[in-house]
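To keep things clear, I will list the structure first and then write my remarks on it.
Derivation of every value follows stated rules applied to the coordinates shown; laboratory data play no part. Since the model is a prediction, treat every value here as computed from it, not as a measurement. Here the Cβ positions follow ideal geometry from the backbone for every residue, glycine too, while neighbour counts run over all protein chains shown.
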Amino acid sequence: MGQKQSHPQLFPGDIVEYPRNKYFSHFAVYYGERDGVPYVAHLTCRDSDSKLPLFGRALRSEVKLDPLELLGKKYKVNNMLDDSFSARDFHNVVKPAIDDLMGREVTFDILFHNSEHQATLFRYGVKKSEQIEKIYEYIMPAWKKLFAEKKL
């Protein structure tokens, strides 16, 4: 009998989702192995001591390579846009894009450029965050009402 795998098989370019709580996840792109250790590329704040970026923004962020399980033991492959967009070639497009951004300052913005936006940008060439879109579904009706009542 085959052994049950506790983690999914990963391929370079896969989007890896790390659930953080009931509402949010952190996202990364599987980069491959270095000396037998699997690595992911992800957008992270340089100022690691601050859990929440000020006003949802962190000016000192960067794309970093870290061991897969350093970001969490619980993760899954979530290539969420495969039905809508083609995945870009990892070795010719995604890997060079990751390598180019590593170490450079990038602005993290929870609404417009978070780890999910960065992961989908690498894999598909499209910035998209489904978790933020879900939040907008709840916020927009309330905002529309406030705008109509001229309270916002």
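Database remark: amide H of N114 closer than 5 angstrom to the amide H of D109 (H placed geometrically; neighbours at sequence offset of 5 or more, or on other chains; Pro and chain starts carry no H). As a calculated quantity, the FRET efficiency between K73 and E105 at R0 = 22 Å, using C-beta atoms, amounts to about 0.15. Each residue of the range 132-137 was assigned a 3J(HN,Hα) from its phi angle through the Karplus curve 6.51 cos²θ - 1.76 cosθ + 1.60 (θ = phi - 60°); the sequence is 6, 4, 5, 5, 4, 4 Hz, with glycine and proline shown as x. Working from label points 7 Å from Cα in the Cα-to-Cβ sense, the V93 to N21 distance is 3.5 nm.
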